[in-house]
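Before any comments, here is the structure.
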Amino acid sequence: MGVLLQKSTTFGAQSSPKPSGAIINNPQAKCKTMKIRSLVILATTLLLSTAVGANNNDGATKVKVQNGEKWWGLVVEPSSLTLPFERAFAVATEDFSPTLYKANMLLSNRGRYVWSASPLRVGFDGKSLTIDSADGSKVEVQKSGRTLREAYLMCCHRNFPPKAVEATATLFQKPIYEFGGEDAMLYNQQSVIDFATMLLHRGAPSGTILLPMGWNSTSGDFVFDHEAYPNPKAMIDSLHSKGMEVMLTITPYVMAAGRGYRQNLKDGNLMLGSNNQPVVFQSRMGYTACRTLSPEAIATIEQQLLTLTEQVGIDGFYFDCLDAVALLKDDKAQLTDYLTLWNSLGKNIDVAIFSTPMGQQLGSTASSVSASRHYTWATLAESLERAIDASVLGFTRTSLAADLDFHGGDQNLALRTAQLAALLPVAIIPYSVWNIPSKADELCCLLAWRAENGAYYLALAEQSATSAEPILRHLEYQFPRTGFSNCRDEFMIGTKWLVAPVVDNSGVRMVRLPKGRWKELDSGRIIKGPRVIDVNVTDGKVPIYEKVDK
């Protein structure tokens, strides 16, 4: 299929009100007015439908960047390609790793867009874009409005329209509390109940408990280890009575010892290395092997997950295969096939989160913006940028990964990571922060805010399922052409909240406020924008501002 680039009137625009008292009684005047209006409409239509890209002799389309125009698209990978485009590059979307948020799409803050059902090859020199499709189809660039939002919405609705997928409260309205850490294999049924009790005792709002890998049989089958969890249904019922739901981490891993390991090896179910021996690596469970995947294996897993849902009462699943990704990173084709099968597990599950972002734009599953388990301040800042960039490409259900490690046990880094996690559309709160009592108390203040606004997050998710509007929004998206195209460290939640997460250890956060009146969450003071302010964040708080009309 070729590259499709559509035109439209301004998306979401309202018709102009009729001027008060402007009643025309003269038929000739009416006719003249209608003719003028028709000419204006015709001229506008011709203007919008005129291609603005010129074809080169080699078939590629060259698009000149307009004055003040910025472009987003192709891939979310801040370490190599900044959005909007700044540095010169030459890329092909077919070459990007399947573990990245990627799209055969380009969007402009001047209302232009490019979209293709086939991979794009794009070059950028700072002044123009050279675009070609992998199959040689013609590329046409047309207007769809005047802003990034209009380009995004029209591109979505024309080419990959949102499907009315369910937006569950489990994903959007409540925090998801990861239970795990280094000693995850030593926890048992009572430990999980005690964790939920501790959260509520500290003042954390009710939410969902996410059990890490290690809850299930060492054979890798998705049934509870009955030595540690003798009565899982009773545990689930107890947690439900406390207002807590339960999600399970699902991995393709098998303990590299014991009966289950030998049986999987005999049946040819384990990933082999170049020496034709099972690949063994160290995880939180200990020495671990990785399962191969096939349609038959996926069907077996699906049946086991269905049993957990219907008979035990499990509320959702977190699909984690980051270690498998590391094993297959040198073979892109094999990695793509593996992730395609793995991500197919979410197609019939209402509450599903994946540790890798491979999937459809505006899809029903959530996915992580974390590029690594090992968090540093640099990794945290990059995750924030990934979340903002992903929203512009149509990936609206983002979270941080579970099972994170914090560099050097940095307590402030753990707090700031948990805070960013709490602010994303799907809030997975890392376990480590609860081991730091003072930081946990600070986090509970933000979690209380998230719980109070849980219905708002859920409403945005439900709206996104039909409108394609992202939950988390780039400031350029929400405040077009006002100087925020390069703002990579702040975002809006819907139209109501501006958030400036803290992603460094300096103690001061610079915040850029757009035009309007902004109510500071902490102090209640009203600040009139546009304005740039420095906020002292040594108290552990996050700068959050509510947009107020008057």
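The values are calculated or read from the model by the stated rules, or taken from the named source; none is laboratory data. Source: prediction; values computed, not measured. Counting neighbours? That spans all protein chains shown, and the Cβs are built from the backbone with ideal geometry, glycine included.
Descriptive notes on the structure:
- Residue match in the stretch 216-238 (condition: surrounded by fewer than 22 Cβ atoms within 10 Å (Cβ to Cβ), among the charged types (D, E, K, R) and not in a loop (DSSP other than H, G, I, E, B)): yes
- For the stretch 405-437, filtered to residues that are in contact with a strand residue (DSSP E or B) (Cβ under 7 Å, 6 or more places away or on another chain) and part of a loop (DSSP other than H, G, I, E, B), the residue that is farthest from ALA390 (Cα to Cα) is PRO430.
- Residue in the stretch 167-181 that is free of Cβ contacts under 8 Å to residues at least 60 places away in the same chain and among the small types (Gly, Ala, Ser) present: no
- Counted residues, the stretch 182-199 - those being crowded, with 18+ Cβ neighbours inside 10 Å and not in a helix (DSSP H, G or I): 1
- Search result, residues across the stretch 413-439 that are surrounded by fewer than 24 Cβ atoms within 10 Å (Cβ to Cβ) and among the charged types (D, E, K, R): LYS439
- The lone exception for ARG386 - which of (1) buried (at least 24 other Cβ atoms within 10 Å of the Cβ); (2) within 27 Å of SER206 (Cβ to Cβ) it fails: (2)
- Strands (runs of 3 or more DSSP E) wholly inside the stretch 280-342 containing at least 3 residues that are closer than 20 Å to LEU171 by Cα: 316-319
- Failed criterion for THR99 (all others in (1) assigned to a loop (DSSP other than H, G, I, E, B); (2) more than 28 Å from SER372 (Cα to Cα); (3) of a type outside the set (Lys, Arg); (4) modelled with pLDDT under 95 hold): (2)
- Of the residues screened, THR336 is not one that is more than 23 Å from ALA366 (Cα to Cα) and at pLDDT below 95.
- Evaluated against (1) surrounded by fewer than 22 Cβ atoms within 10 Å (Cβ to Cβ); (2) in contact with a strand residue (DSSP E or B) (Cβ under 7 Å, 6 or more places away or on another chain); (3) in a loop (DSSP other than H, G, I, E, B), GLY123 falls short on exactly one condition, (3).
- No other residue among ALA461, ALA448, ALA402, ALA440 is assigned to a loop (DSSP other than H, G, I, E, B), assigned by TED's automatic domain parsing to the domain that holds ALA381, in contact (Cβ under 8 Å) with a residue 40 or more places away in the chain and not polar (S, T, N, Q) apart from ALA402.
- If you go through the stretch 54-81 and keep only what is modelled with pLDDT under 95 and under 17 Å from the mean Cα position of the chain (by Cα), you end up with GLU77, PRO78.
- Checking VAL502, VAL542 one by one, the residue that is under 17 Å from GLU452 (Cα atoms), surrounded by 18 or more Cβ atoms within 10 Å (Cβ to Cβ) and either in contact with a Leu (Cβ under 7 Å, 6 or more places away or on another chain) or not basic (Lys, Arg) (or both) is VAL542 and no other.
- Summed over the stretch 375-399, the residues that are touching a residue at least 24 places away in the same chain (Cβ under 8 Å) and over 17 Å from the mean Cα position of the chain (by Cα) give a count of 3.
- Just one residue in the set THR466, THR495 is assigned to a helix (DSSP H, G or I), in contact (Cβ under 8 Å) with a residue 12 or more places away in the chain and within 24 Å of ARG146 (Cα to Cα); that residue is THR466.
- Just so you know, in the stretch 359-379 the residues that are surrounded by fewer than 23 Cβ atoms within 10 Å (Cβ to Cβ) and aliphatic (A, V, I, L, M) include one that is farthest from TRP115 (Cα to Cα), and it is ALA378.
- Near pairs, Cβ below 8 angstrom, 6+ apart or cross-chain, from the stretch 246-272 (outside any strand (DSSP E or B)) to any residue that is basic (Lys, Arg): PRO252/ARG291; ASN264/ARG291; ASN269/ARG291; MET271/ARG291
- When we screen ASP337, ASP410 for residues that are of a type outside the set (A, V, I, L, M), under 23 Å from THR249 (Cα atoms) and surrounded by fewer than 21 Cβ atoms within 10 Å (Cβ to Cβ), the only hit is ASP337.
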